[in-house]
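Written out below as structure tokens is the structure these notes cover.
The values are calculated or read from the model by the stated rules, or taken from the named source; none is laboratory data. Predicted model, so just to flag it, every value in this text is computed and none were measured. For neighbour counting, all protein chains shown are included, and Cβ atoms are generated from backbone atoms with ideal geometry for every residue, glycine included. For the accessible areas, the whole protein counts, side chains as well, though only heavy atoms, and no ligand, DNA or RNA atoms are used. Shrake-Rupley method; radii C 1.70, N 1.55, O 1.52, S 1.80 Å.
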Amino acid sequence: MKAVVFHGIGDIRLDDVPEPELQRSEDAIVRLTASAICGTDLHFVRGTMAGVKPGRILGHEGVGVVEELGERVRNFDPGDRVVICSTIACGACSYCRAGYYAQCDRANPNAPGTAFFGGPEEAGGFDGLQAERARIPYAHTGLVRLPDEVSDEQAILLSDIFPTGWFGAALAEVGPGDTVAVFGAGPVGVFSVISARLMGAGRILCIDQHEDRLDMARRAGAETIDFTAEDPIDAIRELTGGVGPDRAIDAVGIDAEHAHSSRTETADEEFAAEVDEVAPEHGEGGHFTPGDAPSMALRWAVRSLAKAGTLGIIGVYPPQAHTFPIGEAMNKNLTIKAGNCNHRRYVPRLIELVRSGVVDPQQAITQLEGVRGAVEAYEAFDERRAGWLKVELEPAA
Ligand SMILES: [Zn+2]
Ligand SMILES: [Zn+2]
């Protein structure tokens with residue numbers, strides 16, 4: 001079968017690979033009908049999240065049809081349409097039972113960290129979903145059945161993007177009347193805006209530098225700030241009567257791009273040292289180079305928040321990232337919450353929001369590519385080329 005395979009930093013290829021097989025009694029084999037490229041995949045290819053083994057199939061977002069089931073998967077039948085949760089969880093340990101699926105005690109054979117598809121060995125070393133078929137471990141928990149009314153184009157955003165945006169708003173403790181600042185207007189940022197609105201936020205500010213992304217955030221209900229046109233901290237202060245937002249969501253993560261702003265001037269050398277710390281093997285120039293300001297979004301979020309505000313961090317940071325403005329946060333009595341999304345906790349109810357028409361996530365898909373065009377699609381997405389916000393891949397095309 002065809003699959004997108006990682007060969008090294010800056011080197012991904014469309015390869016012919018063997019079909020997956022059932023290995024354990026809780027496994028399922030799913031034939032993918034939709035997959036997608038995610039910003040997280042770019043972290044691996046850029047080298048800002050290290051440890052992906054050459055030969056690993058990439059991708060952690062998928063929708064498909066169940067083909068085969070291990071004998072201990074009792075809640076599905078072959079032919080069922082399903083969305084696949086990006087993180088892998090056993091459903092039986094105490095963490096899963098408490099809703100902390102991303103901290104499952106049993107799913108990751110290699111470490112205590114979050115297990116997910118198409119990631120580093122530290123994340124379990126599972127082959128990913130940018131392929132024609134995939135093996136799904138703990139399928140009784142990781143698969144969620146799709147109603148006929150929800151299309152593949154809608155469902156592919158329920159695999160990771162919408163739940164992660166929702167999780168960000170939940171971490172930030174968004175409640176009725178709150179003013180919320182969302183840093184980053186990529187797909188996850190836009191779904192953080194949508195989720196904050198559904199949780200009753202009074203005002204939502206969204207900060208980015210790409211006009212197509214800011215457009216989408218505005219359509220989702222945000223007041224937008226282009227940080228290349230104005231100082232984002234000054235703009236946020238002005239819009240909030242000098243107080244700052246009650247809640248902030250970091251939907252940017254480690255590959256932030258440096259913007260020179262007067263209120264949070266950070267020296268280029270300081271950021272360069274951070275890049276060396278998080279991505280010692282990164283490339284220079286051309287495709288798949290890391291962002292040049294790893295802690296930018298965190299610095300802005302902490303600086304802009306109102307006293308006693310809450311920061312939810314869903315942007316991805318590797319374990320070796322150490323820079324956080326702890327002094328400023330401590331002296332403002334901020335609450336900081338962070339983590340990998342507990343997808344399985346949110347996916348069932350988000351399917352209902354889509355089924356009932358409250359949210360149509362398909363609006364966030366800007367590109368549809370056959371898997372044969374996957375490498376070019378990665379490059380266009382990496383360049384943040386205008387209009388390339390979210391790429392859906394058709395595994396069979
Ligand atoms: Zn993703
Ligand atoms: Zn578990």
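Computed values, structure above
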{"quantity": "Whole-percent carbon and sulfur share, accessible surface of segment 303-390, 1.4 Å", "calculated": "49 percent"}
{"quantity": "Three-way shape label, segment 81-183, alpha-carbon gyration tensor, a/c 1.5", "calculated": "oblate"}
{"quantity": "Heavy atoms of H258: accessible area, 1.4 Å probe, square angstrom to 10", "calculated": "40 Å²"}
{"quantity": "Fully extended contour minus Cα-Cα distance, from S94 to R13, at 0.36 nm per residue", "calculated": "25.3 nm"}
{"quantity": "Amide H contacts under 5 Å for R203, placed H, 5+ residues apart", "calculated": "T179, V180"}
{"quantity": "Within the chain, percent of DSSP bridges classed antiparallel, to nearest 5", "calculated": "55 percent"}
{"quantity": "Cα gyration tensor, segment 328-381 - rounded (a/c under 1.5), prolate or oblate", "calculated": "oblate"}
{"quantity": "222 nm mean residue ellipticity, helices alone, for the chain (DSSP H n ≥ 4; -39,500 (n - 2.57); rounded to 500)", "calculated": "-7500 deg cm²/dmol"}
{"quantity": "Partner lysines for K332 [C-alpha distance under 18 Å; skip if fewer than 8 residues away on the same chain]", "calculated": "K307"}
{"quantity": "Cα-based shape type of segment 97-145, given that a ≥ b ≥ c are square roots of the gyration tensor eigenvalues and the cut on a/c is 1.5", "calculated": "oblate"}
{"quantity": "Inter-site label distance for Q320 and D276 at 7 Å from Cα along Cβ, in nm", "calculated": "1.2 nm"}
{"quantity": "Segment 104-171: GluC sites (Glu not before Pro) in DSSP loop, at most 15 other beta carbons within 10 Å", "calculated": "E149"}
{"quantity": "Rounded accessible area of I9 (nearest 10 Å², 1.4 Å probe)", "calculated": "70 Å²"}
{"quantity": "Accessible-area order (highest first, 1.4 angstrom probe) of the listed residues S304, S94", "calculated": "S94, S304"}
